[in-house]
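The values are calculated or read from the model by the stated rules, or taken from the named source; none is laboratory data. Keep in mind the model is a prediction, meaning the values are calculated, not measured. Here the Cβ positions follow ideal geometry from the backbone for every residue, glycine too, while neighbour counts run over all protein chains shown.
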Amino acid sequence: MRKTLSYLCRRAVELGAKKAKIIPAGTIKTAPWVRYKCQFGCDGFAGCLTCPPNSPRPEETQRIINSYSKAILIHTPSGWKADISEIVSKLEKEAFLAGFYKAFGMGAGPCRLCRECDWKNGCRHADKARPSMEACGIDVFKTARNNGFTIETLDSSRCKAAYFGLVLVE
């Protein structure tokens, strides 16, 4: 299994990530306050089917994480050559096809697959659309730091952000 996970990390980089790392699922931290940052700070709040209040709550996310032993944490800096959510979607599919039938990914930020969600009929891209880590209540800062990544708050709008995605695997 380790060899296949290592391959998936290399594949994430081939797909455009700066770095991907196998991490213990127990190092992924959720917190109830994270959704408040979406609700009171993100102009995408309630704007799509993958954002709160439509995404899983932190307690539910923690129960899901507890049913996994490993994950692949993926990093791309702001302005990088590839979109983190697109990498996550592709890597989740590849992990599933490699035998990780429980593979599930989470990207970063609001979904950008459609101009507007189809609230009446459901997601037009359910095969690719995934909630962000933060939309599910994951403390991205704590999770990244727990796994050796450097991530800091921005001190101005001119600073480069760090984006993280996650693929849960078992």
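Could you grab me the full set of residues in segment 124-148 that are charged (D, E, K, R) and either within 21 Å of ALA95 (Cβ to Cβ) or in contact with a helix residue (DSSP H, G or I) (Cβ under 7 Å, 6 or more places away or on another chain) (or both)? Even if it seems obvious, please write down each step before you answer.
First pass over segment 124-148, keeping only residues charged (D, E, K, R): 124, 127-128, 130, 134, 139, 142, 145.
Across segment 124-148, the qualifying residues are ASP127, LYS128, ARG130, GLU134, ASP139.
Output the residues belonging to segment 37-53 that are assigned to a loop (DSSP other than H, G, I, E, B) and of a type in the set (S, T, N, Q). Walk me through it before giving the result.
Step one: list which residues in segment 37-53 are assigned to a loop (DSSP other than H, G, I, E, B), which gives 40-53.
If the condition is that a residue be assigned to a loop (DSSP other than H, G, I, E, B) and of a type in the set (S, T, N, Q), then THR50 is the only one that fits.
Filter segment 96-124 for residues that are over 18 Å from VAL167 (Cα atoms) and of a type outside the set (A, V, I, L, M) and give the result. Can you show your working first?
Let us first name the residues in segment 96-124 that are over 18 Å from VAL167 (Cα atoms), namely 112-124.
Answer for segment 96-124, where residues must be over 18 Å from VAL167 (Cα atoms) and of a type outside the set (A, V, I, L, M): ARG112, CYS114, ARG115, GLU116, CYS117, ASP118, TRP119, LYS120, ASN121, GLY122, CYS123, ARG124.
Among VAL13, VAL34, which is the only one that is farther than 23 Å from TRP119 by Cα, in contact with a Cys (Cβ under 9 Å, 6 or more places away or on another chain), part of a helix (DSSP H, G or I) and not small (Gly, Ala, Ser)? Spell out how you get there, then give the answer.
On the way: VAL13 fails: in contact with a Cys (Cβ under 9 Å, 6 or more places away or on another chain).
Answer to the check: VAL34.
Take the residues in segment 53-74 that are crowded, with 24+ Cβ neighbours inside 10 Å and of a type outside the set (Val, Ile, Thr), then tell me which one is nearest to ALA20 (Cα to Cα).
Filtering first and then ranking leaves LEU73.
Quick check on this structure: which one of ILE72, ILE84 is within 16 Å of GLY165 (Cα to Cα), modelled with pLDDT of 95 or more and in contact with a strand residue (DSSP E or B) (Cβ under 7 Å, 6 or more places away or on another chain)? Step through it out loud before you land on a result.
On the way: ILE84 fails: modelled with pLDDT of 95 or more.
Going through ILE72, ILE84 in turn, just one is within 16 Å of GLY165 (Cα to Cα), modelled with pLDDT of 95 or more and in contact with a strand residue (DSSP E or B) (Cβ under 7 Å, 6 or more places away or on another chain): ILE72.
Across segment 82-112, which residue is farthest from LEU8 (Cα to Cα) among those that are surrounded by 19 or more Cβ atoms within 10 Å (Cβ to Cβ) and among the aliphatic types (A, V, I, L, M)?
Looking at residues that are surrounded by 19 or more Cβ atoms within 10 Å (Cβ to Cβ) and among the aliphatic types (A, V, I, L, M), I get ALA108.
For the condition surrounded by 18 or more Cβ atoms within 10 Å (Cβ to Cβ) and either under 29 Å from GLU94 (Cα atoms) or under 16 Å from the mean Cα position of the chain (by Cα) (or both), what is the one hit in ALA12, ALA31?
Numbers: ALA31 fails: surrounded by 18 or more Cβ atoms within 10 Å (Cβ to Cβ).
Only one candidate passes the filter, namely ALA12.
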